[in-house]
Structure formats: structure tokens, C-alpha cells
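A.B. asks: Below is the structure I would like to discuss, written out as C-alpha cells.
The values are calculated or read from the model by the stated rules, or taken from the named source; none is laboratory data. Please read these numbers as outputs of a predicted model, since none were measured by experiment. Quick reminder, even Gly has a Cβ in these numbers, built from the backbone with ideal geometry, and neighbours come from all protein chains shown. Note: areas computed on protein heavy atoms with side chains; ligands, DNA, RNA excluded. Shrake-Rupley method; radii C 1.70, N 1.55, O 1.52, S 1.80 Å.
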Amino acid sequence: MHFQDIILSLERYWAAYGCVIAQPYDGEVGAGTPWKVAYTQPSRRPADGRYGKNPNRLYTHLQYQVILKPAPADVQDLYLRSLGGLGIKMLDHDLRFLEDDWEAPTLGAWGLGWQVFLDGQEISQFTYMQQVGGMDVPLISAELTYGLERIAQSIQRKDSVFDLVWAPGVTYGEIRQQEEFEHSTYALETADVAVLGQLFEAYEREAQRLLDARLAFPAYEYTLKCSHAFNLLDARGAVGVAERASLMGRCRALARRSAELYLARREEMGWPLLRGRVHAA
Amino acid sequence: MPLKPTRHKRPRLVFEIGAEELPAAAAWAAARQIRELAPEALRAARITCGAVAAWSTPRRIVLAVEEVALRQEDAVREVRGPAARVAYAADGRPTPAAEGFARAQGVPVAGLERRSTPQGEYVFAILRSPGGPTIKALGEVLPALAAGLAFPKTMRWGPEAVRFARPVRWLVALLGREVVACRFADVEAGRRTFGHRALSPRPITVPDAHGFEAALRRGFVLLDPAVRRRRITESATRVARRAGGHPILDPDLLEETIQLVEWPEALAGRFAPEFLSLPREVLITVMQHHQKYFAVEDASAQLLPVFVAVRNGGSRGLETVREGNEWVLRARLADAQFFFEEDRKRPLEARIPELAGLVVHERLGTMAQKTDRLTRLAHLLGKALPLDVEKTGHLERAARLSKADLVTQMVRELPELQGVIGGVYARLDGEPAPVAGALREQYLPRGALLPRSDVGAYLAILDKLDLLLSALAAGFAVSGSQDPYGLRRAASGIVAIVLDRHLRINLRTFAGAALAETHPALDPARRSAAIDGTLDLLRQRLRTTLIEAGLSYDTVDAVLEAGADDLADAADRAHALWAFRRRPEFSRLYTAFDRAARIVPANFHGEVRPEGLEHEAERALLAALDRVEPLGPAGSRGGTARSSTDRGPGDAAGRYEQALQRLTAIADPVDRFFADVMVMAEDETVRTNRLALLSRVVQLMRPFADLTRVVAGEGKASPAS
């Protein structure tokens, strides 16, 4: 199964289930939206950049995200059937749900769930989201995150992510290796620490200004940029001792305010996505 | 559907909580808790029953109760009415008061009973409410039991506010053949359960509680963890033997694995022998912690390029599963090899400057600062004990290198290797063996595992003592059950090591010197708070340790009251007193000291003037006092490390016990003194002199124990060690 066919199979499966097939968040890192939605999300982790040389580590990796809100009672079965579409039949494999709690401290979000292991390989993260932006969520969502490269490596039995066949005649490496090399070089060597520091400050100011102007989406976008600037500084080894906790705290504060503002705006609008579906818990 | 009457007079009860995959620890805890809670809950609901058992798997918690009575026992309640003299006239006939009371309680007046109470004689109405059907009462008991299970981390998953370790998806509640109608977590109980996810995907209907385990077994679920344990160890041993070795059945991994599988099947896989060049610790950590495999050794305890994985399922597709696991492990080991080679490009020493970028805690500074403190403390401890020059050198070197592995790639990727990999790298760097050994042992004790080397033990103590002193100096507090910074754990680590090695040191003195060295600018109030706080924690842990060893609490408290700054000495005194208490002489000695202690005022000061002693009994007591040796510490106080021939507490405690024995020589003279002499004489000079004499009796015991804390007659009450 080619890399792109894995994505196509998941898209078809979740669309048939009734998910909105959305487009990824077009900024740095992923973000959650309500209801039933599925999309491929590039996820950037500067500190994991290895110049495209480590066979299992990437600056940017692709994950397929499914958010089901509220979490249906048969969500585990739904997930397992989606694997069936990828040719992974439970009877022929060893599939485990191993306890794993997910947490994003800069965004004040956490949940409980599992890492899903296929024959010893972690292929997905499965989370019942409990808090977002530092607030308890009234309606619990299930978030499924498929590690697309891991799944593809497992299906295609490739030791290196760069040897994956993306589409007939094209490998993952041919498409992404240069990008990996350049981003890693930037994050680990070339990034200008002073500029990143100024960017952090500027993004933060802009987020605060947008929060004051009651524009939740742009404010959240700048919050994510802030968080990414922090990740770059961290990868560059430029975050000092006392600074680290303080920068993370500032990101978390923005995330919390963004979430509060978003809730307030949705409430003013009368919870449009809840209309006619369920009553707010 | 219509239910047939149950075949058993006293049927079996089965209650199953079906959940999405529970964390292993939660599965273990839930079965233990429900087994403990059920008997009391059933008793409170007046349900008589036979044996209670509980089991768990990753997907279910099951309670089984044998021979459950079909009806609750009757409830009997006694209500007190008027006093008997008010309720009955002189001729014994009931008065209107009695009639009114009986009417109000709904019983005939002739049924009232007269009972005597501490307040006098009263009439009572005996109210019996007959027990109802058990099955109805269980409808309330079972959901309450489920709700009573406690987990360290809980979650919500649906619209209900119920919290549980993971979502609850089905309930089975059967009394014999009948369903116990009840709900929990938005789920209605029934007779439908589920078998193994892959091997038995369809629901299973259970007709009768008596066949529950058999039904699950047909659904490829081994309910009893003991059975799964046996199956895992047997099949792991079998497949490892076929590969030429035996599995290292790490107990923690085994416990966890039991709760990851419902139908275990072990398989052996291989990895490239080249990876055997990695340190054994690295191989085992990758296999055990990350992949949950058992490592395999040959008869000479050498690792083989083989692992044993335990699959949750049968033998179908076993080849695919093996191949997949081998493939994953190869990638993991290739990563580890890469980290190892990268790390080995520079010696540990060269990494020390990087520790400046690693924060212990905002208020506790960086690992570089911790390293600096530890190195100074090593020097200080070398002087205090004292250690010879070589050992002090090793300890200082180990302290300096102790945290360097925290900035290696290996520890970043495999944090559980901290210390251990430092030891490996130090050895490969050519550091002296005691230094490498100490790095490995610095984070001990872990479970029952204690440092075995001297330098390792000293470093482990300093690491923890520095945490206590720094944290308390920074104003951290330990309160209630909260111990976020591990201060209690650090204190119990110190106590365990000090007692294990019978290390004689006055920790109050040493803590003072340590703080002066590491926190010279600390203000005096903070300094003494940090020292007191540290010694308090140590003393609490010592108390717990001794009581857990079987000593009675009052023995321990009496001894600790006389001082616990030297932990090993305090433990010796406690053991000696505990042993001596069970001898017949103890009560004589106790009485002598107790009488003296009661009569001498707490703040009394005064020397005995021998020429002022008028009475024969007084002079005899003084002579006896001059003959006995004081009950000081068995070793030099604040002192030296003991020679290796005096390692156990036994020797020193034994000497204390003998000294106590000799001290009984004081008992007769004290008795005679009290019999013949009036202590509180009119003449103040005489009185003061007599008190001074008794004060010397009290002083004899003071450095050993405060006997007034001993509860007379308690000596035999506690379980012997």
C-alpha cells in the first residue's frame, strides 16, 4: 500500500462514517475543532529534526487526525475497523491499547487514553480529551491520531522512513528529505536567537491585542506562532534556566484566554454546531 | 425472556464491570479494592453469603460471591420508650404513656420489653422489618461498589459525570440465572459480556452466574490473573528454552504483562548479534521498558540475541507478529547504538558544563549547581566520618560526575537509565571502579535494592540529603499526603541506607556543616528551619521503619525522645529496649526510673553533696550510682564509621541491652531509698540533696530513652519482629 493510499483509505473510511473531511491547520502545529472531523495534519517538532539522516526521526511528520465529539460508545471498534481498511486484520496481528496520557503544557490541554501498538510498533495515539486551554470540557471528544509514517513503515516494512513509497515511482525521501535537512539545519544551527526572541515577544503582543479585539481565531493563530517560536528557541538550546518555565507560562496564558474568548463567542452565537444535535451538557 | 427458577438454593453472584483497556495498575487495584469492599457492603445490606473473590483483566473487573442467601436477613431495631416506672402502674398494668408509645411504634403494648440501661429501667419497642429479596437489594449494593473504586487518575467519557479509570462499556450482574437490575455509568446491567477482542468479537450471553468463567474461557479470556501468570511464565520459559536460554522474568514487567493480555501466548524473536556489543543495561532497558519484552540469558547469565514477547491472542499469524516485533526492536536498538556511539565521542567529564542548562527546579537551581554542592558535601563527609584519602577522592570524583549522564543522548531517550548509563560510561572512560559503581548506585534504594558499595552508599545519601536541605532551605514544605518533590522518599532512602550499613553519624551536626558549605548566605531562621525540617523527616521515617519492623510504638517513641540525630544509634537503642522490655527485670528498672522521674521537677538542677547524706539508704544509692556506667551510645558519639566487623545493629544493640541489664543494679537501692527516706523533707537543703540524688538516677537514662513514654504492660502487645 502506497503512502498516499493509506491517507486515501482513511479519508474514505471516515467520510463514510460521517466525518467532515477538513483541511489541515495551515500554521505551525495542529489544532482541534468541534464535531466529527478528519484531516491530515503536518506536525512540526523542531527538537526532533535530524537533518533527514535518522531513519525514524523527523522535523515534520504527518499525522491523520480524527476528532469525534462527543466520543461514540463504539469508538475503539470504529478505530479498529479503519485499520482493517489498511489491510491490518486484528486476528493476524497483536494489537494493544497501552495506557498513555497526553498533555500539551503550553496549551493547557490534557486527556487520558492509550498508545496503540501494532506488533510492538506504536502506530496511533488515542485520547479522551479532558481539559483544553486549562478548562474542563463539558463534552468529551475522542481524538485519534494515526502516525502515518509509522503505519506506512509497518505496512511497507521499510527500515527508513525515507524509503517509503509515497506514490508509484516516488519515495518519501525524494519528496521530503531536503526539507528535513534544511529545517533541521535552521532549527539546530542557523536560527537567529535574537530574532526568535523578538518574534516571540511580537507574536505575544499581537495575540494579546487580538484577544482584546475579541478575535478568537487570529488570536489563537498567534498563540500557536508564539508556541512554535518557543519550540525553535528550545531546539536551538537558547532557552535559559529561569526563562523556560516563564515562556511556557506565557504561552499557556494566551491559550487559556483564546479558549475562553472562543467559548464566549460561541455562546453569544447560541452554539451553532450544537443546534439540533445534542443539548449542551 | 422468561427466567427459569435457579437450580441452586443459594446461588452465586457475579458482577462484571466491562471497560475499555484499563491501565495495568488500575486493573490490579480495582480487583483488590472490590474484594475488600464487598464483604462489608453485603453485610451492611444484611445479605449473608459464602466466599468472596475478585479478578481482573485489561477489560474487566469481576466480583464473584458464593452461596448468596435469596432473602436479606430481617432488620431488628430497638426503640427506647418511657422509663419503666412511668410506663407501668404499681400493679404492673401499662399506663397511657406505654400505650401511646406502643401505638406510635406500631407494636402491641404487650410486646414492649423492659430493659435496664445505665440511666435506669426503660421500656423498648422491638421493631422487626423483614428482609426483602436479595436481588433487589443488590441492585443498590453493586453500583455503589463500582462507584466506590478509587483510581489515581480518573476520566469522564460521556455526558454523565461518572469518573472511572477508563470508559465503562458493559455490566454483567447475575444472581444465579437472574439478572440483578441495576445501572452504573449510564450502562444497564445484563447477562451480555464480551470475550477476547480479536478471537471472539461477538457478544457472549451468560445464562447462569455459575458458568461465568467457563463462558469467558470459551471467549478466549482467562479471567484469573494467577492463571495468566502461570501461562505467561510457562510459555515464555518454553520458547526461550527452544532458543537456547531462559527468560529474565523481571517481576514488575511480569505484573504489568499479566494485565495487558487476556489470552497470553509467548513468542521468541531474534535480533542481530552485533547489538550484543551494547551495554547489557541498555539492551535490557530497551527490551523491558520500551517494548515490554523479556530478555533472554544463557546458563552463564550472558544475554542472547533473543527476546520473548507475550502476545494477546492465540497462535494465528504468530509469524507476522514475530516479524513485526523483530523489525521494531531492530529500529530501537539501531537508535540506541547511535546514541551510544554519539555519547562515547566525549568523556563524561566533558559534559559537566552542559549541566548549567538543566534545571532541577526553578527554586533549586541547575544541575551544575547541584553537582557543585554534591562535590563539596563529598569532601565534607569524607572529613566527618572520616574516610581515608583514597575513598574521599573516589567520593568527590563520583559526586562531580554524578549528573553528567543527564545530558547524554541515551538518558534523554531512555530516562530510566540515569545513573546506570553514567556508571557504564565512567567505566569505559577509565574511571576507577568505585567511582563507576557509585554513579550506578546513587539513585538507590529502589524497592529492596540498596547500594552495595561504600562510595555508592555515601553518594546516594548525599544526593538525598542535598535535596532535603536545598528544598527546605528554599521554603518547600511537606504536608499531608502530598510529596511532589519526593522529600519523604529521600528521607526514607537515607534511613534505609544508614540502617543497612549501621553508619554512625550525627546528621544534625553534619546537616549544619553542609548548609554552611552549600548555602553560606542563608539567613539563620531559614537555616535552622531547614535543619529541623530535615531531621524531623528522618526521624519520622525512622519511627515508621522501626514500627514496621515489629517494635511497639511506645518503645520507639521513648527512644526517639532521647534523640535521633544519630539514626543508627537510635535504632540500636530501640532494639535494645524492645528486647529488654520482655525480660522480667524490666519492670523493676522501669519502676525505679519512673518513681524518680515523677518526683524530680523537670527543671531541677543541683549536685549531690555526699556529706549532706544522712541516711544509710541515701549513701547506698550514691554508691550504686557511682558504680554503674552511664548508658551512652555504644560508639563514640557523632563519630566514626564502624569497622566492617560491627556492621549489623545486633552488636551495638546487644551491648546496650547488656548495659540495661547492669543498670538493674540500681533498682534495689532506689526501692530502699523510697522505702526509708522521705524525699520531700521539711529542710530545703536536705530536700535538694535528695532530689539531686534522684536526678542522677534520671540522668542515667536520659541519653538512652524517655521511659515515661513507655506504656506499662504494652511490651507484649505488639507483634514480635
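A.B. asks: For the range B:333-356, which positions are at pLDDT below 90 and closer than 27 Å to A:Ile155 by Cα?
C.D. replies: Answer for the range B:333-356, where residues must be at pLDDT below 90 and closer than 27 Å to A:Ile155 by Cα: B:Ala334, B:Asp335, B:Phe338, B:Phe339.
A.B. asks: Okay, next question. Search the range B:237-272 for residues being in a helix (DSSP H, G or I), within 31 Å of the chain's Cα centre (by Cα) and not acidic (Asp, Glu), and hand back the single one that is nearest to B:Trp55 (Cα to Cα).
C.D. replies: Filtering the range B:237-272 for residues in a helix (DSSP H, G or I) gives B:237-242, B:251-258.
Adding the requirement that they be within 31 Å of the chain's Cα centre (by Cα) leaves B:251-258.
Now drop any that are not not acidic (Asp, Glu), which leaves B:251, B:253-254, B:257-258.
Working: B:Pro251: 19, B:Leu253: 19, B:Leu254: 17, B:Thr257: 15, B:Ile258: 12 Å.
Selected residue: B:Ile258.
A.B. asks: Could you tell me whether any residue of the range B:537-549 is open to solvent by 60 Å² or more (accessible area, probe 1.4 Å), not in a helix (DSSP H, G or I) and not hydrophobic (A, V, I, L, M, F, W, C)?
C.D. replies: no
A.B. asks: Which one is farthest from A:Ala16 (Cα to Cα) among residues in the range A:63-74 that are buried (at least 20 other Cβ atoms within 10 Å of the Cβ) and aliphatic (A, V, I, L, M)?
C.D. replies: Top of the filtered list is A:Ala71.
A.B. asks: Can you name every residue in the range A:236-256 that is surrounded by fewer than 21 Cβ atoms within 10 Å (Cβ to Cβ) and in a helix (DSSP H, G or I)?
C.D. replies: A:Val241, A:Ala242, A:Glu243, A:Arg244, A:Ala245, A:Ser246, A:Met248, A:Gly249, A:Arg250, A:Arg252, A:Ala253, A:Arg256
A.B. asks: Go through B:Ala146, B:Ala150 for me and flag whichever is closer than 29 Å to B:Lys9 by Cβ, within 35 Å of the chain's Cα centre (by Cα) and in contact (Cβ under 8 Å) with a residue 24 or more places away in the chain. Please lay out each step first, then the result.
C.D. replies: On the way: B:Ala150 fails: closer than 29 Å to B:Lys9 by Cβ.
After ruling out the rest, the residue left standing is B:Ala146.
A.B. asks: Would you check which residues across the range B:256-298 are without any contact (Cβ under 8 Å) to a residue 24 or more places away in the chain and of a type in the set (A, V, I, L, M, F, W, C) and list them?
C.D. replies: Residues satisfying the conditions do not exist here.
A.B. asks: Restricting to the range B:511-536, count the residues that are outside any loop (DSSP other than H, G, I, E, B) and either outside the structural domain of B:Tyr458 (by TED's automatic domain parsing) or not β-branched (Val, Ile, Thr) (or both). Spell out the reasoning first.
C.D. replies: So the first thing to find is which residues in the range B:511-536 are outside any loop (DSSP other than H, G, I, E, B), and the list is B:511-518, B:524-536.
Pick out the ones that are also either outside the structural domain of B:Tyr458 (by TED's automatic domain parsing) or not β-branched (Val, Ile, Thr) (or both) and you get B:511-517, B:524-530, B:532-533, B:535-536.
Residues that pass the stated criteria total 18.
A.B. asks: Moving on. Being at the interface with chain B (Cβ under 8 Å from one of its Cβ atoms) and touching a residue at least 12 places away in the same chain (Cβ under 8 Å) is the filter here; which residues of the range A:89-115 pass it?
C.D. replies: The answer is A:His93, A:Asp94, A:Leu95, A:Arg96, A:Phe97, A:Leu98, A:Glu99, A:Asp101, A:Gly111, A:Leu112, A:Trp114.
A.B. asks: Could you please find all residues in the range A:126-185 being open to solvent by 20 Å² or more (accessible area, probe 1.4 Å) and on the phi > 0 side of the Ramachandran plot?
C.D. replies: Scanning the range A:126-185 gives A:Gly134, A:Arg157, A:Gly169.
A.B. asks: Among the residues of the range B:38-95 satisfying the criterion of being more than 30 Å from B:Phe164 (Cβ to Cβ) and among the basic types (Lys, Arg), which is least open to solvent (accessible area, probe 1.4 Å)?
C.D. replies: Once the filter is applied, the top-ranked residue is B:Arg80.
A.B. asks: Exactly one condition in (1) surrounded by fewer than 19 Cβ atoms within 10 Å (Cβ to Cβ); (2) at pLDDT 90 or above is not met by B:Met680; state its number.
C.D. replies: The single condition B:Met680 does not satisfy is (2).
A.B. asks: Related question: Hey, can you tell me all the residues within the range A:66-88 that are facing chain B (nearest Cβ under 8 Å) and assigned to a loop (DSSP other than H, G, I, E, B)?
C.D. replies: Once the filter is applied, which keeps residues that are facing chain B (nearest Cβ under 8 Å) and assigned to a loop (DSSP other than H, G, I, E, B), the range A:66-88 yields A:Pro70, A:Ala71, A:Ala73.
A.B. asks: Now for a separate question. Could you grab me the full set of residues in the range B:404-435 that are among the small types (Gly, Ala, Ser), touching a Leu at 6+ places or on another chain (Cβ under 9 Å) and without any contact (Cβ under 8 Å) to a residue 60 or more places away in the chain? Full working, then the answer.
C.D. replies: Keep residues of the range B:404-435 that are among the small types (Gly, Ala, Ser), which gives B:404, B:419, B:422-423, B:426, B:430, B:433.
After this cut, where a residue has to be touching a Leu at 6+ places or on another chain (Cβ under 9 Å) as well, the list is B:404, B:419, B:422-423, B:426.
B:Ala404, B:Gly419, B:Gly423 - these are the residues of the range B:404-435 that are among the small types (Gly, Ala, Ser), touching a Leu at 6+ places or on another chain (Cβ under 9 Å) and without any contact (Cβ under 8 Å) to a residue 60 or more places away in the chain.
A.B. asks: So, one more: Tally the residues that are open to solvent by 10 Å² or more (accessible area, probe 1.4 Å) and in contact with a Ser or Thr (Cβ under 9 Å, 6 or more places away or on another chain), restricting the search to the range B:191-207. Break it down into steps so the answer makes sense when it comes.
C.D. replies: Going through the range B:191-207, the residues open to solvent by 10 Å² or more (accessible area, probe 1.4 Å) turn out to be B:191-192, B:194, B:197-205, B:207.
Imposing the further condition that a residue be in contact with a Ser or Thr (Cβ under 9 Å, 6 or more places away or on another chain) reduces the set to B:191-192, B:194, B:203-205.
Residues meeting the conditions: 6.
A.B. asks: Can you name the helices (runs of 4 or more DSSP H) wholly within the range B:341-436 that have at least 1 residues being basic (Lys, Arg), open to solvent by less than 50 Å² (accessible area, probe 1.4 Å) and not assigned by TED's automatic domain parsing to the domain that holds B:His289? Before you say what the answer is, go through the steps one by one.
C.D. replies: Working: elements: B:367-384, B:389-401, B:409-413, B:420-428.
The helices (runs of 4 or more DSSP H) meeting that bar are B:367-384.
A.B. asks: Could you tell me whether any residue of the range B:100-110 is touching a residue at least 24 places away in the same chain (Cβ under 8 Å) and either assigned to a loop (DSSP other than H, G, I, E, B) or open to solvent by 20 Å² or more (accessible area, probe 1.4 Å) (or both)?
C.D. replies: Residues of the range B:100-110 touching a residue at least 24 places away in the same chain (Cβ under 8 Å): B:101, B:105.
Now narrow it down to the ones that are either assigned to a loop (DSSP other than H, G, I, E, B) or open to solvent by 20 Å² or more (accessible area, probe 1.4 Å) (or both): B:101, B:105.
Yes, that holds for at least one residue.
A.B. asks: Would a scan of the range A:196-214 turn up a residue that is buried (at least 18 other Cβ atoms within 10 Å of the Cβ), within 14 Å of chain B (Cβ to nearest Cβ) and in a helix (DSSP H, G or I)?
C.D. replies: No, the range A:196-214 contains no residue that is buried (at least 18 other Cβ atoms within 10 Å of the Cβ), within 14 Å of chain B (Cβ to nearest Cβ) and in a helix (DSSP H, G or I).
Quick grid of which residues meet (1) touching a helix residue (DSSP H, G or I) at 6+ places or on another chain (Cβ under 9 Å); (2) outside the structural domain of B:Glu319 (by TED's automatic domain parsing); (3) at negative phi:
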position	(1), (2), (3)
B:Phe212	no, yes, yes
B:Arg230	no, no, yes
B:Gly244	no, no, no
B:Pro247	yes, no, yes
B:Leu253	yes, no, yes
B:Ala268	yes, no, yes
B:Pro273	no, no, yes
B:Ser277	yes, no, yes
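A.B. asks: Could you check, for the range B:22-33, whether at least one of its residues is of a type in the set (Phe, Trp, Tyr) and touching a residue at least 60 places away in the same chain (Cβ under 8 Å)? Don't jump to the end; show me each part of the working.
C.D. replies: Start the filter on the range B:22-33 by keeping residues that are of a type in the set (Phe, Trp, Tyr), which leaves B:28.
So of that shortlist, the ones also touching a residue at least 60 places away in the same chain (Cβ under 8 Å) come out as B:28.
Looking through the range B:22-33, at least one residue is of a type in the set (Phe, Trp, Tyr) and touching a residue at least 60 places away in the same chain (Cβ under 8 Å).
A.B. asks: For the range B:385-400: of the residues being modelled with pLDDT of 95 or more and within 32 Å of the chain's Cα centre (by Cα), which is nearest to B:Val424 (Cα to Cα)?
C.D. replies: B:Ala398
A.B. asks: Hey, another quick one. Go through the range A:116-149 and report how many residues are more than 15 Å from the chain's Cα centre (by Cα) and within 13 Å of chain B (Cβ to nearest Cβ).
C.D. replies: Total meeting the criteria: 14.
A.B. asks: Now for a separate question. Let me spell it out: the conditions are (1) open to solvent by less than 20 Å² (accessible area, probe 1.4 Å); (2) in the same structural domain as B:Leu381 (by TED's automatic domain parsing); (3) without any contact (Cβ under 8 Å) to a residue 60 or more places away in the chain; (4) within 26 Å of B:Val710 (Cα to Cα), and B:Arg508 meets all of them except one. Which number is the exception?
C.D. replies: Of everything listed in (1) open to solvent by less than 20 Å² (accessible area, probe 1.4 Å); (2) in the same structural domain as B:Leu381 (by TED's automatic domain parsing); (3) without any contact (Cβ under 8 Å) to a residue 60 or more places away in the chain; (4) within 26 Å of B:Val710 (Cα to Cα), B:Arg508 misses just condition (1).
A.B. asks: Further question: Which of the following residues is assigned by TED's automatic domain parsing to the domain that holds B:Glu416, at pLDDT below 95, open to solvent by less than 10 Å² (accessible area, probe 1.4 Å) and not β-branched (Val, Ile, Thr): B:Ala448, B:Ala471, B:Ala477, B:Ala457?
C.D. replies: Numbers: B:Ala448 fails: open to solvent by less than 10 Å² (accessible area, probe 1.4 Å); B:Ala477 fails: open to solvent by less than 10 Å² (accessible area, probe 1.4 Å); B:Ala457 fails: at pLDDT below 95.
Result: B:Ala471 is the single residue among B:Ala448, B:Ala471, B:Ala477, B:Ala457 that is assigned by TED's automatic domain parsing to the domain that holds B:Glu416, at pLDDT below 95, open to solvent by less than 10 Å² (accessible area, probe 1.4 Å) and not β-branched (Val, Ile, Thr).
A.B. asks: Same structure again: Collect the residues in the range B:217-236 that are in a helix (DSSP H, G or I) and touching a residue at least 12 places away in the same chain (Cβ under 8 Å), keeping them in residue-number order. Let's see the steps before the verdict.
C.D. replies: Of the range B:217-236, the ones in a helix (DSSP H, G or I) are B:217-218, B:225-236.
Of everything in the range B:217-236, those that are in a helix (DSSP H, G or I) and touching a residue at least 12 places away in the same chain (Cβ under 8 Å) turn out to be B:Arg218, B:Pro225, B:Arg228, B:Arg229, B:Arg231, B:Ile232, B:Thr233, B:Ser235, B:Ala236.
A.B. asks: For the range B:318-372, how many residues meet the condition of being touching a helix residue (DSSP H, G or I) at 6+ places or on another chain (Cβ under 6 Å), acidic (Asp, Glu) and within 12 Å of chain A (Cβ to nearest Cβ)?
C.D. replies: Counting residues in the range B:318-372 that are touching a helix residue (DSSP H, G or I) at 6+ places or on another chain (Cβ under 6 Å), acidic (Asp, Glu) and within 12 Å of chain A (Cβ to nearest Cβ) gives 3.
A.B. asks: Let me ask something else about it. Only one of (1) assigned to a helix (DSSP H, G or I); (2) outside the structural domain of B:Leu439 (by TED's automatic domain parsing) fails for B:Val306. Which number is that?
C.D. replies: (1)
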